[in-house]
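The values are calculated or read from the model by the stated rules, or taken from the named source; none is laboratory data. The structure presented is a predicted model; accordingly, all values stated were derived computationally and were not measured. Cβ placement follows ideal geometry from the backbone for every residue including glycine, while neighbour counts extend to all protein chains displayed. Keep in mind that these areas ignore ligands, DNA and RNA; they rest on the heavy atoms of the full protein, side chains included. Shrake-Rupley method; radii C 1.70, N 1.55, O 1.52, S 1.80 Å.
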Amino acid sequence: MELRVLKYFVEVARTRNISRAAENLYVSQPAISKQLQLLEDELGVELFSKVNRGIQLTAAGIRFLQRAEDLLELENKTKNEFANFNRELTGNIYIGGAESHTFKFVAQAVKNFREKYSDVQFHIYSGNNEDIERLNSGLLDFVLTIQSVDFEIFDFIKLPVSDIWGVIMRKDSSLAAKEKINIHDLKNLPLIMSREAMTEEYPKFFSTQLNKMKIAATFNLSYNAAMLARAGIGYLIGIGGLINDAELCFRPLTPELKSDVYFIWKKYRQFSPAAEFFLSEMKNLYDKPSACSIQCQLRR
């Protein structure tokens, strides 16, 4: 399986037309058709099916498209890394980040780092369950996560604060008068819940009652979910410190539900010089007792 063939496949998937893909890639149509047939033979599946005026991806083709795009992205990342290997510190750093107010600690490290190395670019990927897989495959250098992590595979820095879970709701809601919200307060109310938290965080609070709660909507990014809460569609069960909206308020859950936050990277990973230096910046800031003083500074 060659990267050249993956590029053919992705372009055909994008245009849904072999002739148009051939024109865009400056390759003959028979050459692309032959390579796609060899690719299907190698994989043992059909990647495309014919429709009235062209072709479309099969179910296997849709899955393979994601893998092909990941491999081409990794190729581009590798080229950029080695293009800058012997120069003054430049390059790209890729960070996956869970939606968390604790990302401000990473932001502080980025600020400090770019004051010294302004030619380094940072690329942030937010709120995606696939971040760990992308980290494992080398598409990301680091991930900020509240999920359980296999520390046999990943090294980490535990950030000096935790995320606190609660209810985000309209200020004119009847529950807004309460200082804290318990599970009985939420029964029979329409809830807006994170898909990522369904398997780990929510069961800690709702226990066996989780399947009995009334779910009005699910989400993976908090901003859009907050717009649903603002419209009065339901009560958003999420992390504090993320939403700043004059019509909404946050009340913590009781008993308290909190998540530790980890900045992780793959063990034994050979970093680019830029990523190596940035990791040193993170360690200098947070992987030591003086992190408490930095925490206080960031809260101001």
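Here are the numbers for the structure shown:
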read-out: Counted residues, the range 119-135 - those being within 21 Å of PHE278 (Cα to Cα) and either in a strand (DSSP E or B) or open to solvent by 70 Å² or more (accessible area, probe 1.4 Å) (or both); value: 8
read-out: Selection count, the range 56-94, where residues are in contact with a strand residue (DSSP E or B) (Cβ under 9 Å, 6 or more places away or on another chain), modelled with pLDDT of 85 or more and either over 16 Å from GLU11 (Cα atoms) or open to solvent by less than 60 Å² (accessible area, probe 1.4 Å) (or both); value: 10
read-out: Only listed residue being open to solvent by 60 Å² or more (accessible area, probe 1.4 Å) and over 30 Å from ALA275 (Cβ atoms), chosen from ARG16, ARG4; value: ARG16
read-out: Cross-chain or 6+ apart pairs with Cβ under 7 Å, the range 71-97 first and on the phi > 0 side of the Ramachandran plot, then assigned to a loop (DSSP other than H, G, I, E, B) and at pLDDT below 80; value: GLY91/ASN84
read-out: Condition check for TYR26: open to solvent by 60 Å² or more (accessible area, probe 1.4 Å), aromatic (Phe, Trp, Tyr), over 30 Å from TYR223 (Cβ atoms) and more than 25 Å from the chain's Cα centre (by Cα); value: yes
read-out: Failed condition for LEU36, given (1) loosely packed, with under 15 Cβ neighbours inside 10 Å; (2) without any contact (Cβ under 8 Å) to a residue 40 or more places away in the chain; (3) among the hydrophobic types (A, V, I, L, M, F, W, C); value: (1)
read-out: Residue in the range 73-87 that is closer than 30 Å to PHE122 by Cβ and of a type in the set (A, V, I, L, M) present; value: yes
